[in-house]
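Here the structure is laid out as structure tokens; the discussion comes afterwards.
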Amino acid sequence: VRLTYREKVPVATMKEVIRTVLQDHLADQKYDGNRANELAGEMANIIRERLKELPYKRFKFLVQVLVGERREQGVRMGCRCFWDSNTDNHASETYVNDYVFAAASAYAVYIY
């Protein structure tokens, strides 16, 4: 299967959804280690639901969100998966304020 450009989920649209959710939930937020896991799960669910509202019904959306305390350290994330570059897509965004950082990735996987 080879999708046209208009049939694939646009990366820019996915990035905008992710960016909006991260900014809305983390603006002026201080890090709370007891709530970080819950907050990451909430944001992942919201991002996934908003992506599902897009007019791309033959895609399954997977979302991963990492929330951590900002302490001038570095963080690297990686992911490996089986991929069909003709149909699937991926977008990532990060958010940083004075107290917290977040990294979110969303995957649009075509359902055959």
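Numerical summary
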quantity	calculated
Residue among N37, N86 that alone is on the phi < 0 side of the Ramachandran plot, of a type outside the set (G, A, S) and assigned to a loop (DSSP other than H, G, I, E, B)	N86
Considering residues of segment 83-101 that are more than 14 Å from the chain's Cα centre (by Cα) and within 29 Å of D32 (Cα to Cα) only, the residue most open to solvent (accessible area, probe 1.4 Å)	D98
Matching option when the condition is touching a residue at least 12 places away in the same chain (Cβ under 8 Å), open to solvent by 70 Å² or more (accessible area, probe 1.4 Å) and more than 21 Å from E42 (Cα to Cα), among R76, R70, R80, R58	R58
Tally, over segment 13-29, of residues that are loosely packed, with under 15 Cβ neighbours inside 10 Å and either touching a strand residue (DSSP E or B) at 6+ places or on another chain (Cβ under 7 Å) or at positive phi (or both)	2
Within segment 30-40, tally of residues that are of a type in the set (G, A, S) and surrounded by 13 or more Cβ atoms within 10 Å (Cβ to Cβ)	2
Set V63, V75: member being assigned to a strand (DSSP E or B) and either modelled with pLDDT of 95 or more or under 21 Å from K15 (Cβ atoms) (or both)	V63
Candidates A44, A104, A108 - the one that is surrounded by 19 or more Cβ atoms within 10 Å (Cβ to Cβ) and either in contact with a Ser or Thr (Cβ under 8 Å, 6 or more places away or on another chain) or in a loop (DSSP other than H, G, I, E, B) (or both)	A104
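The values are calculated or read from the model by the stated rules, or taken from the named source; none is laboratory data. Owing to the predicted nature of the structure, the values given are computational and were not obtained by experimental measurement. Cβ atoms come from the backbone with ideal geometry, glycine included; neighbour counts cover every protein chain shown. We work out accessible area using only protein heavy atoms, side chains counted, and drop any ligands, DNA or RNA first. Shrake-Rupley method; radii C 1.70, N 1.55, O 1.52, S 1.80 Å.
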